[in-house]
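Chemist: One structure, as structure tokens, below. Some questions next.
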Amino acid sequence: MKADLLIYNIGQLLLPKASGKPLKGEEMKNLPILENAALAVQDGLVLWIGKNKESVGIDANERINAEGKVVSPGLVDPHTHLVFGGSREDELALKQAGVSYLDILAKGGGILSTVTATKQATEKELAAKAAFHLERMISFGITAMEAKSGYGLDRETELKQLRTVKRLQETYPVKLISTFLGPHAIPPYYKGREDLFLDEMIGLLDEIKKEDLAQFADIFCETGVFTIEQSKRFLEKAKNKGFGVKIHADEIDPLGGLELAVSLGAASADHLVAASDKGIKALRNSDTVAVLLPGTTFYLGKDQYAKARTMIDSGAAVALATDFNPGSCVTENLQMIMSLAALKLKMSAEEIWNAVTVNAAHAIGLGGEAGVLEASKQADFVIWDVPNFHYLPYHFGVNHAISVYCSGIKRWERMPYGTIPLSAARETSSF
């Protein structure tokens, strides 16, 4: 057998089970592992998986000794706000001093600060900034992810964000899914005229679809933002126009966003810190994935985390994401989120790995394509500097990745005295 690449002497090869549906409940506890394994790649696809001793006869152009380390599918981040202008580090001191978010907002801070910075940035500037964050995400083992708009709140800036994502899709080797989140907040000049603003966002759907700028549509359903009725109207319009639908739901108050997501057959319902028992019961009887964001709860200093244990034990599908954004979760490190899931959500290591691979992929329409390692599937994988799969969530706050491969090509490698991004995008882009 001839191959382009052979990874041999793998201590544990993690093989989350791909299927037509996300893993639910007890299924999340099952993480298939092949010990003393090897992996062969040909033409960017997985050619062969087997025991290390069986790899002796493989004629490979390149052979990599994993030295007994763990190899997994590339991680999948199903909820990020990748494209935005500016930053908001000045608000941290205000928060520490007890200044409320509404007071910060009233002074032009909060999301309005990011909206202003995003409006002022050129598409080239947004692309360069997003590329910086994206390369850091790749370094943490992410090979597929979602990126939302939502910091424009007007036609021109929302389209600018989505075009930036498309530019990154065409430049980088990762699978990058785009989501239109125009109804992310209500602009001050639309206060009292929220339905008019929502109509404006609905009016963008045809243009977005024509330019193929987004695969999903999303809305922030929460007290002080959009109601259940408004969210339903927007998502139904988007679904009828061929978009997959997602929803920011029940983050602060149990409005019934989770129930709405299930009724619409949404790919995911995200946040869910305040999800009701009724909503969780509905979730278990659906294929909607609960995308939980413990990093946001941690960063905001909240005590109440999403009820991951209740959801999983009741039979629901759960995924994990960074929620990377400039205001409420400023991290590209999905590995840190895995640790928070262990410490704060009480998820087992098996559940966590399934939540950042197969289930996360289903949450962004990549079920069976990302977060898996199977023959004839794209060879996206990570070699980890850990002795076993339990270790990564246990040792938090650092980068455990040794090297990250997309389509069988090394895109990032940790070097002895630092990290060097190897993405071809750095050399070929015009950012």
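Each reported figure results from applying straightforward, stated rules to the coordinates on display, with no laboratory input. Keep in mind that what you see is a predicted model, and the values were worked out from it rather than measured. Methodologically, a virtual Cβ is constructed for each residue, glycine included, from the backbone with ideal geometry; neighbour enumeration extends over all protein chains shown.
Chemist: Going by the alpha-carbon gyration tensor, a ≥ b ≥ c the square roots of its eigenvalues, is the stretch 81-138 rounded (a/c under 1.5) or, if a/c is not under 1.5, prolate (a/b greater than b/c) versus oblate?
Modeler: Details: a/c = 3.54, a/b = 1.79, b/c = 1.98.
In terms of gyration-tensor shape, oblate.
Chemist: Can you tell me the length gained on complete extension of the stretch GLU170 to ASN65, counting 0.36 nm per residue apart and subtracting the Cα distance? Spell out each step's value before the answer.
Modeler: On the way: separation 105, 0.36 × 105 = 37.80 nm, distance 3.19 nm.
So the extension gain works out to 34.6 nm.
Chemist: Another question about this same structure. Please arrange THR297, THR357 by how many other C-beta atoms lie within 10 Å of their C-beta, fewest to most.
Modeler: THR297, THR357
Chemist: 5 Å is the cut-off here: which amide hydrogens, built 1.01 Å from N in the peptide plane, fall below it relative to ILE177, excluding neighbours closer than 5 in sequence?
Modeler: HN-HN under 5 Å from ILE177: MET145, GLU146, ALA147.
Chemist: Please report the relative contact order for the stretch 204-340, taking Cα pairs under 8 Å with a sequence separation of at least 6, and give it as a percent rounded to a whole number. Walk me through the intermediate numbers first.
Modeler: On the way: 254 pairs, mean separation 22.6, N = 137.
Taking the mean separation of contacting Cα pairs over the length of the stretch 204-340, I get 17 percent.
Chemist: I've got another one for you. May I ask you to derive the relative contact order of the chain, considering only C-alpha pairs under 8 Å and at least 6 residues apart, and to give it as an integer percent?
Modeler: Relative contact order here is 22 percent.
Chemist: Under the 0.36 nm per residue contour assumption, what length would be gained going from the current alpha-carbon distance of TRP48 and LYS2 to full extension?
Modeler: Here the answer is 15.5 nm.
Chemist: Taking amide H positions as placed in the peptide plane 1.01 Å from N, state which residues far from ALA60 in sequence (5 or more) or on other chains have amide H under 5 Å from it.
Modeler: Amide H to amide H, under 5 Å and 5 or more residues apart or across chains, ALA60 pairs with ALA3.
Chemist: Using Cα pairs under 8 angstrom and six or more residues apart, how large is the relative contact order of the stretch 148-202, in percent?
Modeler: Values: 56 pairs, mean separation 22.4, N = 55.
Reported as a whole number, the value is 41 percent.
Chemist: Determine, from the Cβ-Cβ distance of ASN285 and GLU156 and an R0 of 45 Å, the FRET efficiency 1/(1 + (r/R0)^6), rounded to the nearest 0.05. Intermediate results must be reported in sequence, preceding the final value.
Modeler: Details: r = 42 Å, r/R0 = 0.93.
Working from the Cβ atoms, E equals 0.60.
Chemist: ASN388 to ASP313: FRET efficiency via 1/(1 + (r/R0)^6), r the Cβ-Cβ distance, R0 22 Å, to the nearest 0.05?
Modeler: Efficiency computed from Cβ-Cβ geometry: 0.30.
Chemist: Report the gain in length on full extension from SER19 to GLN304: 0.36 nm times residue separation, minus Cα-Cα distance, nm rounded to one decimal.
Modeler: 99.3 nm
Chemist: OK, next. Can you return the lysines within cross-link range of LYS344? Criterion is Cα-Cα under 23 Å, with same-chain partners fewer than 8 residues away left out.
Modeler: LYS24, LYS29, LYS95, LYS278, LYS281, LYS302, LYS307
Chemist: VAL245's amide H: which non-local residues (gap 5+, or another chain) put their own amide H closer than 5 Å, with H modeled 1.01 Å from N in plane and none for Pro or chain starts?
Modeler: ALA217, ALA267
Chemist: On to the next question. Determine the shape class of the chain: with a ≥ b ≥ c the square roots of the Cα gyration tensor eigenvalues, call it rounded for a/c under 1.5, and otherwise prolate if a/b is greater than b/c, oblate otherwise.
Modeler: Note, shape of the chain comes out prolate.
Chemist: Between the stretch 187-256 and the stretch 27-57, what is the C-alpha centre distance in whole Å?
Modeler: The two parts, judged by their Cα centres, are 42 Å apart.
Chemist: Still on this model: Can you tell me the FRET efficiency between LYS377 and ASN240 if r is taken as the Cβ-Cβ distance and R0 is 25 Å, rounded to the nearest 0.05? Write down the numbers at each step before the final one.
Modeler: Values: r = 32 Å, r/R0 = 1.29.
Step by step, r from the Cβ atoms, then E = 0.20.
Chemist: OK, next. Give the separation of the Cα centroids, the stretch 143-165 to the stretch 333-388, in Å.
Modeler: 25 Å
Chemist: Mind grabbing the base-10 log of I(q)/I(0) for the stretch 90-190 at q = 0.13, 0.20, 0.21 Å⁻¹? Debye formula, identical points on the C-alpha positions, no solvent, two decimal places.
Modeler: These q points yield log10 I(q)/I(0) values of -0.55, -1.03, -1.08.
Chemist: Highest mean first, how do 303-309, 190-196, 86-92, 290-296 rank when packing is the count of other Cβ atoms within 10 Å averaged over residues? If you can, show how the numbers build up before the last one.
Modeler: Details: 303-309: 17.1, 190-196: 11.9, 86-92: 14.1, 290-296: 29.0.
So the peptides 303-309, 190-196, 86-92, 290-296, ranked by packing, come out 290-296, 303-309, 86-92, 190-196.
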